[in-house]
Amino acid sequence: MTVVRLRGLTKCYGTDTVVDGIDLDVRRGECFGLLGPNGAGKTTTLRLLLGHTPPTSGSIEVLGYSIPKEARQMRARAGVVPQQDSLDPDFTVVENLYTYASYFGLYGAALEARVAELLELAALTAKANAGVLQLSGGMRRRLTLARSLVNRPDLVILDEPTTGLDPQARQLIWQRLRSLLVTGTTLILTTHYMEEAARLCDRLAILDRGRVLALGSPRDLIAAHIEPRVVEVHGPGVEDWRVHQGQRLATRTEQVGETVFCYTADDRALLADLTNRPELWFIHRPASLEDVFLKLTGRELREAESSSH
Ligand SMILES: Nc1ncnc2c1ncn2[C@@H]1O[C@H](COP(=O)(O)OP(=O)(O)OP(=O)(O)O)[C@@H](O)[C@H]1O
Ligand SMILES: [Mg+2]
């Protein structure tokens, strides 16, 4: 079953087209990721599907409702973790949860029980009576996640849920999101952490300039877009090495900062060459989602795009 259906979705601000004809289907029970550089149009896409801003053209269907027309009914069955926390700073942790829960008609014992459960889920029971301003950034993020789940949503939309969190807090959020998936909840999230996307997402779309550049499971995206082995090289003279050896021995090379990335199906010749160069440091590893992301949205592609205009 399709939970989100976007067709030709377009959003313009003035003369800027920030979402540019997106077609997407998100299936029930999957974790769907939106990746893309800053300004790619991720938050705008999420705001469009929540009905927070009207599309310039195209159609949006979420949980069977037509958006923005039926956004209110849809939002009753959805949860949202916005990119910027929107907690009430004048309220304590529990007060934030109580207030939000009251919008969904929860009261009495059911409300008490739900709030206790959410505090537990967010590992904030000890902070229940703390003011929002006394929380750390990671605690606020966890509270925002807890708040988004008050109504036991069928769909949770999370805009960078773990940005700025320490590894422990991030792991906790991953665990909670996984347990939501087990119960059949659909998740749509954006992230700049490729490892997070690779671990959590069943499928993802890589977005740039409002367009979907690639769509698929993390594994399929890696297989479709990148050579399977990567050798990263840095050290004195690496640029020279790239020109004389790297480019000859690898299928493709790319320089990012001071590191030369060599992409290849067979890294044996590269590794043999590098063992004779003690001045260069290198690691070799399987290709990752980050490599796909850099290939599709990185500097080389953009130069190619602008020169073709
Ligand atoms: N209300 C607005 N008015 C005008 N331009 C906007 C508005 N909201 C977003 N934009 C522009 O739309 C583009 C996409 O922004 P968006 O917030 O969707 O990016 P993003 O992919 O979420 O980026 P980030 O990773 O930085 O959060 C940007 O160029 C931004 O400046
Ligand atoms: Mg954003």
Hits in the stretch 63-80 (condition: within 26 Å of the chain's Cα centre (by Cα), basic (Lys, Arg) and either crowded, with 21+ Cβ neighbours inside 10 Å or part of a loop (DSSP other than H, G, I, E, B) (or both)): ARG75, ARG77
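Where in the stretch 171-271 are there strands (runs of 3 or more DSSP E), lying wholly inside it, with at least 2 residues that are among the aliphatic types (A, V, I, L, M) and under 30 Å from TYR13 (Cβ atoms)?
Fully inside the stretch 171-271 and qualifying: 186-190, 203-208, 211-216.
Quick grid of which residues meet (1) part of a helix (DSSP H, G or I); (2) of a type in the set (Asp, Glu); (3) in the same structural domain as TYR13 (by TED's automatic domain parsing):
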{"residue": "GLN84", "(1), (2), (3)": "no, no, yes"}
{"residue": "ASP90", "(1), (2), (3)": "no, yes, yes"}
{"residue": "LEU97", "(1), (2), (3)": "yes, no, yes"}
{"residue": "LEU143", "(1), (2), (3)": "yes, no, yes"}
{"residue": "PRO153", "(1), (2), (3)": "no, no, yes"}
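Among what's in the stretch 1-33 and is within 16 Å of ligand 1 (Cβ to nearest atom) and of a type in the set (D, E, K, R), pick the residue that is surrounded by the most Cβ atoms within 10 Å (Cβ to Cβ). Steps first, please.
Step one: of the stretch 1-33, the residues within 16 Å of ligand 1 (Cβ to nearest atom) are 6, 9-22, 24, 32-33.
From what is left, the residues that are of a type in the set (D, E, K, R) are 11, 16, 20.
On the way: LYS11: 22, ASP16: 11, ASP20: 19.
Here the residue is LYS11.
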Qualifying residue in the stretch 43-54 (condition: more than 13 Å from ligand 2 (Cβ to nearest atom), at negative phi and of a type in the set (Gly, Ala, Ser)): no
Hits in the stretch 105-116 (condition: on the phi < 0 side of the Ramachandran plot and exposed (fewer than 14 other Cβ atoms within 10 Å of the Cβ)): TYR107, ALA109, ALA110, ALA113
Considering residues of the stretch 149-200 that are more than 16 Å from ligand 1 (Cβ to nearest atom) and over 20 Å from LEU118 (Cβ atoms) only, the residue surrounded by the fewest Cβ atoms within 10 Å (Cβ to Cβ): PRO167
Checking GLN83 against (1) buried (at least 18 other Cβ atoms within 10 Å of the Cβ); (2) of a type outside the set (Asp, Glu); (3) within 16 Å of ligand 1 (Cβ to nearest atom), the condition it does not meet: (1)
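If you go through the stretch 99-119 one residue at a time, do you hit one that is over 15 Å from LEU158 (Cβ atoms), small (Gly, Ala, Ser) and within 16 Å of ligand 2 (Cβ to nearest atom)? Talk me through it step by step, then tell me what you get.
Let us first name the residues in the stretch 99-119 that are over 15 Å from LEU158 (Cβ atoms), namely 99-119.
Within this subset, residues satisfying the condition of being small (Gly, Ala, Ser) are 101-102, 105, 108-110, 113, 116.
Within this subset, residues satisfying the condition of being within 16 Å of ligand 2 (Cβ to nearest atom) are none.
Checked against the condition, which is being over 15 Å from LEU158 (Cβ atoms), small (Gly, Ala, Ser) and within 16 Å of ligand 2 (Cβ to nearest atom), the stretch 99-119 yields no hits at all.
Kindly establish whether ALA113 is modelled with pLDDT under 95 and either farther than 28 Å from GLY33 by Cβ or aliphatic (A, V, I, L, M) (or both). Steps first, please.
Values: modelled with pLDDT under 95: yes; either farther than 28 Å from GLY33 by Cβ or aliphatic (A, V, I, L, M) (or both): yes.
Considered against the rule, which asks whether it is modelled with pLDDT under 95 and either farther than 28 Å from GLY33 by Cβ or aliphatic (A, V, I, L, M) (or both), ALA113 comes out as yes.
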Matching entry among GLY164, GLY138 (being out of contact with any Ser or Thr (no Cβ under 8 Å at 6 or more places or on another chain) and within 16 Å of ligand 2 (Cβ to nearest atom)): GLY164
Filtered residues of the stretch 28-46 (kept if out of contact with any Asp or Glu (no Cβ under 6 Å at 6 or more places or on another chain) and part of a strand (DSSP E or B)): PHE32, GLY33, LEU34, LEU35
Close pairs (8 angstrom Cβ cut-off, 6 or more residues apart or separate chains): in contact (Cβ under 8 Å) with a residue 12 or more places away in the chain and farther than 16 Å from VAL156 by Cα in the stretch 43-64, part of a helix (DSSP H, G or I) and away from ligand 2 (no atom under 13 Å from the Cβ) anywhere: ILE60/LEU49
Counted residues, the stretch 22-39 - those being away from ligand 2 (no atom under 16 Å from the Cβ), among the hydrophobic types (A, V, I, L, M, F, W, C) and over 22 Å from THR183 (Cβ atoms): 1
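The values are calculated or read from the model by the stated rules, or taken from the named source; none is laboratory data. Every value quoted in this text rests on a predicted model; they were computed, and no experiment measured them. Note: ideal-geometry Cβ built from the backbone for every residue, glycine included; neighbour counts use all protein chains shown.
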